[in-house]
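The values are calculated or read from the model by the stated rules, or taken from the named source; none is laboratory data. Quantities reported herein were computed from a predicted structural model and do not represent experimental measurements. Note: ideal-geometry Cβ built from the backbone for every residue, glycine included; neighbour counts use all protein chains shown.
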Amino acid sequence: MSRASLIQTLRCLADDLESIADDVEALPAVAINSWALSQRSVPCLMGRTLGHPSIGDGRPALSSELFYLDPERGIARTMSRWYRLGTRVDPDYWNERYPRRP
């Protein structure tokens with residue numbers, strides 16, 4: 001990612017976080033079900049997405065870096081988009097299905 005693209009992406013993220021409204025329904029979001037906190041080299045979400053622009057509905061996915069998580073309101077903001085949180089699962093749910101390789 002170029003420096004200019006990174007700045008624009010982070011600015012959009014900061015604007016989104018600054019403007020969170022009380023009306024969560026107004027946020028455009030991709031849904032993520034069977035979600036759990038996960039990690040790559042950064043915190044992320046792992047789950048089955050619905051309405052994602054490039055991942056088929058119901059397919060397992062790792063999100064980009066997680067910047068904001070509000071389970072009580074059912075929303076999360078990653079580097080690339082908002083997610084509407086569905087059912088949460090224990091991380092072992094995914095660890096059993098996709099064991100980490102040494």
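Quick rundown of the values:
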{"item": "S54 vs. criteria more than 19 Å from R88 (Cβ to Cβ) and in a loop (DSSP other than H, G, I, E, B)", "result": "yes"}
{"item": "Flag for L17 being modelled with pLDDT of 90 or more and either in a helix (DSSP H, G or I) or surrounded by 13 or more Cβ atoms within 10 Å (Cβ to Cβ) (or both)", "result": "no"}
{"item": "Inter-residue pairs, beta-carbon under 9 Å, first among the polar types (S, T, N, Q) and in segment 36-61, second modelled with pLDDT under 90, 6+ apart", "result": "S38/P91; S38/W94; T49/V30; T49/A31"}
{"item": "Segment 57-78, subset under 16 Å from S19 (Cα atoms) and either among the acidic types (D, E) or under 8 Å from the mean Cα position of the chain (by Cα) (or both), residue surrounded by the most Cβ atoms within 10 Å (Cβ to Cβ)", "result": "A76"}
{"item": "Among (1) touching a residue at least 24 places away in the same chain (Cβ under 8 Å); (2) out of contact with any Gly (no Cβ under 7 Å at 6 or more places or on another chain); (3) surrounded by 11 or more Cβ atoms within 10 Å (Cβ to Cβ); (4) of a type outside the set (K, R), the one test that T87 misses", "result": "(3)"}
